[in-house]
Amino acid sequence: MKNNSVVAEFDPMSPVAEAFRVLRTNLKFAAVDKPFKSLLITSAGPMEGKTDTVANLGTVLAQTGIRVIIVDCDLRRPELHTKFGLSNNKGLTNLLVGSAGIEDVLQDTSIPGLQVVTSGPMAPNPSELLQSEKAKSVLAELADMADFVLSDSPPALIRSDAAVLSSLLDGVLLVIKAGKTKIDAVKQAGDRLKRVNARIIGTVLNGV
């Protein structure tokens, strides 16, 4: 069953949905000098709203008439399939081990123009898969297929996956949970991403 956290779809007139439309506009201004089309959404720690941000931002982007692909690169605790009520029997891990092609794992959503690549079956070596040349080529191919690609990942301070992915994508949005995320954690996450030359586009203050 679909998780109704995709507010931008089921309650498009709400203040929360409007906040995501503002974020969409801000991203367009951020891309004026140096355009980007693939974006990693991560957070310092768990339960800070990064997956909800991916789902809602992808929805409002697609609502402008462009083609958007969301990729669940959290191969440890994937949640994106639950947000859109999709099967997770086949997804990114199948692509990375070569047991499926992109067209086999792209799933349509109820939002026109928005497709999702779920994480797929759990793998014993997620870090190695995301660091592979195959991951680089898959993410590049997805970026060629869409106007915008959003990728979810594990928290930046818990796993190295976010740092690895940030080097393969055009930019990073760091989600911060009001009243929960510690300032030191945000600084540490930012430093970890900057060490791999990640382009941090900005932050999203969630839960205000």
For a quick check of your reading: which helices (runs of 4 or more DSSP H) sit entirely within region 1-82 and have at least 2 residues that are of a type in the set (S, T, N, Q)? 15-30, 50-62
Out of the residues in region 108-120 meeting the condition of being surrounded by fewer than 17 Cβ atoms within 10 Å (Cβ to Cβ) and at pLDDT 95 or above, tell me which one is farthest from L165 (Cα to Cα). P112
For region 10-27, state whether one or more residues are at pLDDT below 95 and within 21 Å of S167 (Cα to Cα). yes
Only residues that are touching a residue at least 24 places away in the same chain (Cβ under 8 Å) and within 20 Å of Q131 (Cα to Cα): list them for region 91-119, please. G91, L92, T93, N94, L95, L96, V97, G98, I102, V117, T118, S119
Is it the case that S153 is over 14 Å from K50 (Cα atoms), among the polar types (S, T, N, Q) and surrounded by 23 or more Cβ atoms within 10 Å (Cβ to Cβ)? no
Return the only residue of V105, V68 being under 14 Å from the mean Cα position of the chain (by Cα), modelled with pLDDT of 95 or more, more than 17 Å from P154 (Cβ to Cβ) and among the β-branched types (V, I, T). V68
Of the numbered conditions (1) hydroxyl-bearing (S, T, Y); (2) free of Cβ contacts under 8 Å to residues at least 40 places away in the same chain; (3) surrounded by 18 or more Cβ atoms within 10 Å (Cβ to Cβ), T59 satisfies every one except a single condition; which is it? (2)
When P15 is run through (1) surrounded by fewer than 20 Cβ atoms within 10 Å (Cβ to Cβ); (2) in contact (Cβ under 8 Å) with a residue 24 or more places away in the chain; (3) closer than 16 Å to V204 by Cβ; (4) not acidic (D, E), the failure sits at (2)
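The values are calculated or read from the model by the stated rules, or taken from the named source; none is laboratory data. Just so it is clear, the structure is predicted and the values come from calculations on it, not from any experiment. Using ideal geometry, Cβ is built from the backbone for each residue, glycine included, and neighbour counts are taken over all protein chains shown.
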